[in-house]
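The values are calculated or read from the model by the stated rules, or taken from the named source; none is laboratory data. Nothing here was measured: the structure is a model prediction, and the numbers come from that model. Glycine also receives a Cβ, built like all others from the backbone with ideal geometry; neighbour counts cover every protein chain displayed. Side chains included, ligands, DNA and RNA excluded: accessible areas come from the protein's heavy atoms. Shrake-Rupley method; radii C 1.70, N 1.55, O 1.52, S 1.80 Å.
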Amino acid sequence: MVHNVSRRTPRLAALLAAALAGSVAQAQSVFTPAELSRAGHVLRRMQHGASIFDYPQVLADTTTPQSTKIVNYILAKTSQTPINAGAEANNLLGLYPFPLAVGLGAPTAPGHVPQSASSGWRVHELAEASIIRAIWSEDTLREVMARFWAEHFNTNWGTVWFHLRNRFQNEGYANPDALAQDYATYFEWQQNDLFRTRAFGTFRSLLEASAGSADNGGMSGSNLIPGAAMMIYLDSVNSQGPKPNENYARELFELHTMGPSSPFPTALGAVLLPNYSYQDILDGAAIFSGWTLTNLSTPPTAPNLVFSFRPTVCGTTTTGHVTNCPTPGSKTLFDDAYLQPFVGQFPVTENQTLATEGLALLDHLANSPATAYFISEKLYRLFIKDVEPAPFDPLIMQCVNAWYTLPGGNIQGVLQVLFTSNEFINDTTTRWTNERQPLDAVAQTVDTFHGLGFNPAGGTAAEQKARITRVRFLIEEYGGQYLFRYGPPDGFTRGDCELVTTSRMLGATRLRQELYTLFGPFTTNYPSVFFDYFANLGFLNWTDPASIVNWFNFAAFNNELSGGDQTLLNLFLITDLNENFGNTLLTDAATNFPVFVQRVTTGLAYIACHTLNSLK
């Protein structure tokens, strides 16, 4: 339904007048380009997108210098205790069937959501709920890290659904396809919820949330530590000796913990040494063989899949003699002379009846220097600069030291080292060097518009949900980022070599243009949402046209646009639609509010669609 703009203009004019009157009385804060650039950089890296309303958190005020504000912001955002997502995010999340609170995926948590509660859960809605959290949640860094860990420990909903559909069909359930969709979505939600909850905890806790195990090393229903999505995705659920599946062991070593190689110091400089051998993969596969999921229910009772350990089954001859079954003994992983000694040898006694071997291997890997180096380097590339650092870079080594302040790897400590470093806060050469993923680009574009297209005053719940669905479609169609449905085990690309392709860049531009078509007509039809700017940006002087120009420069990458781009933007703000001077935005605001809305919308679109918005 199209609302009549002119009928709402008198009320808006009154609101505008009140806001202008209030802002005149306030002293305008003046920030240097260096301060604005530093603030923008901190927000861009620690959030999926940065709104102009976020800047006061990292800019100086009358009592606190910027350095202290930034440190306080870092400490607050790296807190172990989740921050409430906020009313705006929670209102939108309420359109979906998933829990609003964080931490309900752990079976031991109060209010835990059981598997049977997932009736009607669909993966595209889980993706949309994740997009909402990425854009609107107040717990901004936790959302960045939840997405990072979801890609680091990537799984694919389609693989999980296919396995469960066949399983439920074989077990005699009447509706195996729908049931498999519910449960596959549940396991993806559960894993993501644990990544969100444990984002700043130990790496060991994240590793086990992905791998799946029970804390007593055997079978457990109530003490289950989930990992069903990964167990199904990489086939450990079907792996059993004496010829176990190698997939999980291979990806555990290569992608989840140590990486294929790491530097070793020599008199002639650092050399890369392999971290494991093929025999280690075989031995690792044997260690995890027997890890599976058991359904404690039978039809028609809803499935209840729990971790269990399936002892090795050996063949027998007609006379009862055991065949093709190795005698339990001991072995040592990572002991070849040519391997990286930093990995550390791992001797283990074989146990064919309990999962203790696998748990011990996860302990060893989480505390290995090779893992500490590999994860620290990935976080460095995420937050500092997406290029491979020099071997034993001093900042990487500080991160490794922070890793060992807690057994199992202190992720919070590593992040705080990165965020308080000179490279993060003051080194201007690290700014605008990292590519935005499609989700990041959408979040930044929406934040440029301050989420105007989703303002609660704008349309029904169904209309709001339809707009979010459209945003998800754009991320998938033009960005190729299918949340929870990306196939390769290394997750969606974060490296610049694959993101900066002609196809990707054209897709990113098309994505932002489509977002503008989503927001532009909406903001024209619902101009009252612009009152947010006047009501909340008291640190700007709205009676001064130059201050309005500065505001656009402020939103437009902190005065870091090129001189030509700034000139074009300034001409747009201080001339009328025929490029004549005099009819400024301020004049339009007072005499022709609908035109003012259109001009502001167009200006925001200029910023949102700028090529610099592909970087952060």
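Could you give me the residue pairs with C-beta distances under 9 Å whose first residue belongs to region 483-496 and is charged (D, E, K, R) and open to solvent by 40 Å² or more (accessible area, probe 1.4 Å), whose second residue is at pLDDT below 90 and assigned to a loop (DSSP other than H, G, I, E, B) wherever it lies, and which are 6+ apart or on separate chains?
Between residues of region 483-496 that are charged (D, E, K, R) and open to solvent by 40 Å² or more (accessible area, probe 1.4 Å) and residues that are at pLDDT below 90 and assigned to a loop (DSSP other than H, G, I, E, B), the close pairs are R494/D386; R494/N434; R494/Q437; D496/D386; D496/V387; D496/T433; D496/N434.
List pairs: first residue in region 192-207 and under 18 Å from A101 (Cα atoms), second residue acidic (D, E) and part of a helix (DSSP H, G or I) anywhere in the structure, Cβ distance under 8 angstrom, at least six positions apart or on different chains.
Cβ pairs passing all conditions: R196/E143.
Six or more apart or on different chains, Cβ under 9 Å: which pairs go from a residue in region 357-375 that's closer than 15 Å to T405 by Cα to one that's among the basic types (K, R) and open to solvent by 10 Å² or more (accessible area, probe 1.4 Å)? Could you list them?
Correct list of pairs: A366/R204; N367/R204.
Just to be sure I understand the filter: pairs with C-beta atoms under 9 Å, separated by 6 or more residues or on different chains, first member in region 250-267 and under 26 Å from F195 (Cβ atoms) and in contact (Cβ under 8 Å) with a residue 24 or more places away in the chain, second member open to solvent by less than 70 Å² (accessible area, probe 1.4 Å) and acidic (D, E). Which pairs pass?
If the second residue must be open to solvent by less than 70 Å² (accessible area, probe 1.4 Å) and acidic (D, E), the pairs left are F253/D280; G259/E377; S262/E377.
Go through region 326-378 and count every residue that is within 28 Å of Q437 (Cα to Cα) and part of a loop (DSSP other than H, G, I, E, B).
Of the residues in that region, 0 qualify.
Starting from region 406-431, keep only residues that are farther than 18 Å from G201 by Cα, then list their pairs with residues that are open to solvent by 10 Å² or more (accessible area, probe 1.4 Å) and outside any helix (DSSP H, G or I) whose Cβ atoms are within a distance under 7 Å, requiring at least 6 positions of separation or different chains.
Partner pairs satisfying both residue conditions: T430/K385.
Just to be sure I understand the filter: pairs with C-beta atoms under 6 Å, separated by 6 or more residues or on different chains, first member in region 78-97 and without any contact (Cβ under 8 Å) to a residue 40 or more places away in the chain, second member open to solvent by 50 Å² or more (accessible area, probe 1.4 Å). Which pairs pass?
Listed pairs, sorted by first residue: N90/L100.
Say we look at region 72-112 and pick out the residues that are over 17 Å from Q47 (Cα atoms), in contact with a Phe, Trp or Tyr (Cβ under 8 Å, 6 or more places away or on another chain) and open to solvent by less than 40 Å² (accessible area, probe 1.4 Å); which of these is modelled with the highest pLDDT?
Filtering region 72-112 for residues that are over 17 Å from Q47 (Cα atoms), in contact with a Phe, Trp or Tyr (Cβ under 8 Å, 6 or more places away or on another chain) and open to solvent by less than 40 Å² (accessible area, probe 1.4 Å), the one modelled with the highest pLDDT comes out as F98.
For R381, work out the one condition from (1) surrounded by fewer than 18 Cβ atoms within 10 Å (Cβ to Cβ); (2) part of a loop (DSSP other than H, G, I, E, B) it doesn't fulfil.
(2)
Among all residue pairs at least 6 apart or on different chains, which show Cβ distances below 8 Å where the first residue, located in region 135-164, is in contact (Cβ under 8 Å) with a residue 40 or more places away in the chain and closer than 17 Å to D177 by Cα and the second is among the β-branched types (V, I, T) and open to solvent by less than 10 Å² (accessible area, probe 1.4 Å)?
So the pair list comes out as W157/T185; T159/I232; V160/I232; H163/I232; H163/V237; L164/I232.
On the basis of being at pLDDT below 95, surrounded by 19 or more Cβ atoms within 10 Å (Cβ to Cβ) and closer than 21 Å to S297 by Cα, does Q181 make the cut?
Working: at pLDDT below 95: no; surrounded by 19 or more Cβ atoms within 10 Å (Cβ to Cβ): yes; closer than 21 Å to S297 by Cα: yes.
Against the criterion (at pLDDT below 95, surrounded by 19 or more Cβ atoms within 10 Å (Cβ to Cβ) and closer than 21 Å to S297 by Cα), Q181 does not qualify.
Here is a check on your reading of the model: is I425 β-branched (V, I, T) and open to solvent by 10 Å² or more (accessible area, probe 1.4 Å)?
Yes; evaluated as a whole, the condition is true for this residue.
Report, ordered by the first and then the second residue, all pairs with beta carbons closer than 6 Å, sequence separation of six or more or different chains, a first member in region 301-320 that is outside any loop (DSSP other than H, G, I, E, B), and a second member that is open to solvent by 30 Å² or more (accessible area, probe 1.4 Å) and modelled with pLDDT under 70.
Taking only residues 6 or more apart or on different chains, the pairs are V306/G221; S308/M219; G315/T323; G315/N324; T316/V322.
Of all residues in region 390-420, how many are in a loop (DSSP other than H, G, I, E, B) and open to solvent by 10 Å² or more (accessible area, probe 1.4 Å)?
Count: 9.
Grab the helices (runs of 4 or more DSSP H) fully contained in region 99-204, keeping just those with 1 or more residues being under 16 Å from the mean Cα position of the chain (by Cα).
Result: 123-136, 140-152, 176-197.
Please specify each residue of region 100-139 satisfying the condition of being of a type in the set (K, R) and farther than 18 Å from Y482 by Cβ.
none
Quick grid of which residues meet (1) surrounded by 15 or more Cβ atoms within 10 Å (Cβ to Cβ); (2) of a type outside the set (G, A, S); (3) assigned to a helix (DSSP H, G or I); (4) at pLDDT 95 or above:
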{"position": "V237", "(1), (2), (3), (4)": "yes, yes, yes, no"}
{"position": "Q240", "(1), (2), (3), (4)": "yes, yes, no, no"}
{"position": "N245", "(1), (2), (3), (4)": "yes, yes, no, no"}
{"position": "E251", "(1), (2), (3), (4)": "yes, yes, yes, yes"}
{"position": "E254", "(1), (2), (3), (4)": "yes, yes, yes, yes"}
{"position": "M258", "(1), (2), (3), (4)": "yes, yes, no, yes"}
{"position": "L268", "(1), (2), (3), (4)": "no, yes, no, no"}
{"position": "L272", "(1), (2), (3), (4)": "no, yes, no, no"}
{"position": "Y276", "(1), (2), (3), (4)": "yes, yes, no, yes"}
